[in-house]
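The values are calculated or read from the model by the stated rules, or taken from the named source; none is laboratory data. Owing to the predicted nature of the structure, the values given are computational and were not obtained by experimental measurement. Don't worry about glycine lacking a Cβ; one is built from the backbone with ideal geometry, like all the others, and counts go over all protein chains shown. All accessible areas refer to the heavy atoms of the entire protein, side chains included, with ligands and DNA or RNA removed. Shrake-Rupley method; radii C 1.70, N 1.55, O 1.52, S 1.80 Å.
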Amino acid sequence: MPNFTVDQIREIMFNPHSIRNMSVIAHVDHGKSTLTDSLIAKAGIISQANAGDARFTDTREDEKERGITIKSTGVTLYYESNIEGGAGAEVKPYLINLIDSPGHVDFSSEVTAALRVTDGALVVVDYVEGVCVQTETVLRQALGEKIKPVLFVNKIDRGILELQVDGETMYQNFQRVIENANVIIATYEADDMGEGQQVDPTRGLVAFGSALFGWAFTLTRFARIYAEKFKVPFEKMMEKLWGDNFFDQKAKKWKTDEMSDEGTPLKRCFVQFIMEPVIRLAKNIMDNNKEAVFKMLNTLEIVLKKEEQEKQGKDLFKCVFQKWINAAEALLEMIVMKLPSPVKAQAYRAAYLYEGPIDDPCGQGIKNCDQKGPLMVFISKMCQPMTREDSTPSEEYSQESSQLDKRSELWDPTTNPAASKTSTSRTSKELSS
């Protein structure tokens, strides 16, 4: 059951500062619809256990059969969170209007239509494949529409479980993906959006995780934990958890070179404090080393139910990681904190969307996001009506084929002797005449 009511949605619609309009864009098969499941599960529309497998936004039969998104699908999600103020802060409501768009190049028009009615974009990139051709295409479209992007590096579970690479190799791959995305953003970003659009993990604009297993993290989550532990300001800890920053455990000091005071090599902070615990827990689960797993869970203060403790392999992996670093929480943090509200976005998008004079009442109403302004309707996409009611092109084709089959049976001598006799007599008369 959803965790919200229609009345709650109606109430928050009058507070545009708490609304986020966003699209999910990516290359085909990089995990957009799978990732969207985590947000839908957080809102209570589907169960947490089905997140990643349900593909809730793939509503058409052909989408389910092919396993790809063909049409853009919108969904409205309501959350109550204290994410802006942190622990102990007042819980506030947020409304997210999300559009899951196709990734295949043949359906690029669907992406354009989705982007025009949104203010931010969640760009999903496969950890293994990296930035692909369609990633550049959809990023270019988003920046052309003055959409602010945030980045999600997906399928990092493949690096841990399949490729079995170490934390440093994963960091280098993350760095490559982020740099490639920023090259594209730097090429096409607009200058009048008030700030640069390039993504940076130290600003909370990048998340890493696995959409299939429903877990993800940003540097923000770990920075809060380690800032308190090391008595370091939060902003400084964010910077130390990325790039060439190292911690000498014996000397108890931070360094920018990889050699300790004793001359031994050090691991960068991102690897030492984030990736190694993640990799260690994942491998212990997959190796069925329950003793080590429960010891780590006790340290992390994660409690499993009795039936959850009996799970093994990927089922336990999904259960544990969703409780520890849930994907929806990391995504909500980026969406709420980093993507603009309609009030902020329309200040620089109104002149692009509205073709009339921006200083007239309609233009100013859009720019100021004024609820009392003139009523305006924006048409993002024109749809051609279907030739037959409630039928798809494939259904029309099958209907026509079945009719042709019936006609051929009518004139087939082997199936209809009467038709054969009639046909023969007609032919003999025509010949005699």
Tell me, please, whether a residue that is surrounded by fewer than 21 Cβ atoms within 10 Å (Cβ to Cβ) and either over 27 Å from Leu95 (Cβ atoms) or among the polar types (S, T, N, Q) (or both) can be found in the stretch 340-347. yes
Members of the stretch 102-125 found to be part of a helix (DSSP H, G or I) and among the aliphatic types (A, V, I, L, M), listed by number: Val105, Val111, Ala113, Ala114, Leu115
Of everything in the stretch 305-361, what is among the charged types (D, E, K, R) and under 27 Å from Leu115 (Cβ atoms)? Give them in sequence order. Glu329, Glu333, Lys338, Lys344, Arg349, Glu355, Asp359, Asp360
With at pLDDT below 90 and surrounded by 14 or more Cβ atoms within 10 Å (Cβ to Cβ) as the only criterion, which of Leu281, Leu304 stands out? Leu304
Whether any residue in the stretch 328-344 is farther than 25 Å from Leu219 by Cα and hydrophobic (A, V, I, L, M, F, W, C) is what I want to check. yes
Residue that is nearest to Ala351 (Cα to Cα) [pool: residues in the stretch 372-386 that are modelled with pLDDT of 80 or more and surrounded by fewer than 10 Cβ atoms within 10 Å (Cβ to Cβ)]: Phe378
Could you list all residues from the stretch 284-301 that are open to solvent by less than 100 Å² (accessible area, probe 1.4 Å), within 30 Å of the chain's Cα centre (by Cα) and not β-branched (Val, Ile, Thr)? Asn284, Met286, Met296, Leu297, Leu300
Going by the conditions given, is Thr69 open to solvent by less than 70 Å² (accessible area, probe 1.4 Å) and at pLDDT below 75? no
Within the stretch 318-339, take every residue that is out of contact with any Leu (no Cβ under 9 Å at 6 or more places or on another chain) and open to solvent by less than 60 Å² (accessible area, probe 1.4 Å) and give me the one that is nearest to Ile19 (Cα to Cα). Val336
Among the residues of the stretch 109-128, which ones are modelled with pLDDT of 90 or more and either in contact with a Pro (Cβ under 7 Å, 6 or more places away or on another chain) or open to solvent by 10 Å² or more (accessible area, probe 1.4 Å) (or both)? Asp119, Gly120, Ala121, Val123, Val128
Which listed residue, of Ile70, Ile99, is in contact with a Gly (Cβ under 8 Å, 6 or more places away or on another chain) and touching a residue at least 12 places away in the same chain (Cβ under 8 Å): Ile99
Looking across the stretch 137-151 at residues that are charged (D, E, K, R) and not in a helix (DSSP H, G or I), the single one that is surrounded by the fewest Cβ atoms within 10 Å (Cβ to Cβ) is Lys146
Are any of the residues in the stretch 152-174 surrounded by 20 or more Cβ atoms within 10 Å (Cβ to Cβ), in a strand (DSSP E or B) and touching a residue at least 60 places away in the same chain (Cβ under 8 Å)? yes
Within the stretch 204-242, which residues are among the basic types (Lys, Arg) and without any contact (Cβ under 8 Å) to a residue 12 or more places away in the chain? Lys229, Lys231, Lys236
Can you name the strands (runs of 3 or more DSSP E) wholly within the stretch 175-273 that have at least 1 residues being open to solvent by 30 Å² or more (accessible area, probe 1.4 Å), modelled with pLDDT under 90 and touching a strand residue (DSSP E or B) at 6+ places or on another chain (Cβ under 7 Å)? 253-255
Inside the stretch 12-48, can you point out the residues that are free of Cβ contacts under 8 Å to residues at least 40 places away in the same chain and either surrounded by 24 or more Cβ atoms within 10 Å (Cβ to Cβ) or not in a loop (DSSP other than H, G, I, E, B) (or both)? Ile40
Would you call Glu168 over 28 Å from Thr118 (Cβ atoms) and not basic (Lys, Arg)? yes
Would you confirm whether or not the stretch 400-411 contains a residue that is modelled with pLDDT of 85 or more, open to solvent by less than 40 Å² (accessible area, probe 1.4 Å) and among the hydroxyl-bearing types (Ser, Thr, Tyr)? no
How many residues does the stretch 349-388 contain that are closer than 18 Å to Ile147 by Cα and hydrophobic (A, V, I, L, M, F, W, C)? 7
Quickly run through the stretch 13-61 and pick out the residues that are among the aromatic types (Phe, Trp, Tyr) and at pLDDT 80 or above. Phe14
